[in-house]
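The values are calculated or read from the model by the stated rules, or taken from the named source; none is laboratory data. Model, not experiment: these values are computed from the prediction. Counting neighbours? That spans all protein chains shown, and the Cβs are built from the backbone with ideal geometry, glycine included.
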């Protein structure tokens, strides 16, 4: 499938990437006709980060510079850790003036969730949870599912997500879609970078977290009052957590039953979003109409920036 050539600005707010994956990704995107900017960000290294704090914040703040033309896509190089360290250094007023409600796709997931939460909380800027340069575009065999859904999501005014995973509860709700990586969301509770979303559709995912750690973070969302203000909690993929003999039957499903009994809002499962090869692209800040029944769910998404 071919797509209209786009201008793509690379940002590296977190860790530094694998150089071979960078080469694969940049070669593929250029071969497809896309124009890449700020590629040097994908080659920086400082300690375990993709540059110093100032350099990584500058990647984002370039978008506030009125002397520069805006790209079509802002693409995170990778996740890891480090985005939280630069939140205080972002030019939220300048970014808001330049980006709010503009047809630009700001895309990433994992640690990039911190940037997405902060941009919405401080500047009202909508973005996309979706693929990143190295893990997805730079994979040895990129997922056709991920690529198709990415280009569809960022170029259409609305689209639907469906799942055939059986659901324990029937719901029909409409609210703002927001969320991302659970550990990052939990880490920003009580800060100025947590959006005060009311009546939202909150989606979460994580990687390499044991079920008890997932439970603890969901309890943090619950006990801080955030979950009570949402209409539904939607679970994406939770991969990489390993059990031990000590768990004695305490599995992810056991944890989920406990969570359902406590949080008092519906829980929907089976969202294809997380640290997995087949990854949906989800517009953070969009209007979501979610209908779940015993046979699965359907979620229609609209009201988000998209490319012409």
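When region 287-303 is limited to residues that are buried (at least 24 other Cβ atoms within 10 Å of the Cβ) and within 18 Å of the chain's Cα centre (by Cα), the one that is farthest from residue 179 (Cα to Cα) turns out to be 299.
Just wondering, is there one or more residues in region 238-259 that are in contact with a helix residue (DSSP H, G or I) (Cβ under 9 Å, 6 or more places away or on another chain) and within 29 Å of residue 122 (Cα to Cα)?
Step one: of region 238-259, the residues in contact with a helix residue (DSSP H, G or I) (Cβ under 9 Å, 6 or more places away or on another chain) are 238, 241, 243, 247, 250-256, 258-259.
When the remaining residues are screened for being within 29 Å of residue 122 (Cα to Cα), the result is 238.
Checked against the condition, which is being in contact with a helix residue (DSSP H, G or I) (Cβ under 9 Å, 6 or more places away or on another chain) and within 29 Å of residue 122 (Cα to Cα), region 238-259 yields at least one hit.
Quick check on region 266-279: of everything there that is assigned to a loop (DSSP other than H, G, I, E, B) and in contact with a strand residue (DSSP E or B) (Cβ under 6 Å, 6 or more places away or on another chain), which residue is farthest from residue 136 (Cα to Cα)? Working first, answer last.
Our first condition is that a residue be assigned to a loop (DSSP other than H, G, I, E, B); within region 266-279, this holds for 266, 270-279.
If we keep only those that are in contact with a strand residue (DSSP E or B) (Cβ under 6 Å, 6 or more places away or on another chain) too, we end up with 266, 270-271, 273-276.
On the way: 266: 31, 270: 20, 271: 18, 273: 13, 274: 12, 275: 10, 276: 9 Å.
Here the residue is 266.
Just wondering, is there one or more residues in region 38-57 that are without any contact (Cβ under 8 Å) to a residue 40 or more places away in the chain, closer than 27 Å to residue 308 by Cα and out of contact with any helix residue (DSSP H, G or I) (no Cβ under 6 Å at 6 or more places or on another chain)? Yes, region 38-57 contains at least one residue that is without any contact (Cβ under 8 Å) to a residue 40 or more places away in the chain, closer than 27 Å to residue 308 by Cα and out of contact with any helix residue (DSSP H, G or I) (no Cβ under 6 Å at 6 or more places or on another chain). Kindly indicate whether any position in region 30-43 is crowded, with 19+ Cβ neighbours inside 10 Å, touching a strand residue (DSSP E or B) at 6+ places or on another chain (Cβ under 9 Å) and assigned to a helix (DSSP H, G or I). There is at least one residue in region 30-43 that is crowded, with 19+ Cβ neighbours inside 10 Å, touching a strand residue (DSSP E or B) at 6+ places or on another chain (Cβ under 9 Å) and assigned to a helix (DSSP H, G or I). Every listed requirement among (1) modelled with pLDDT of 95 or more; (2) under 29 Å from residue 134 (Cα atoms) is met by residue 258 save one, (2).
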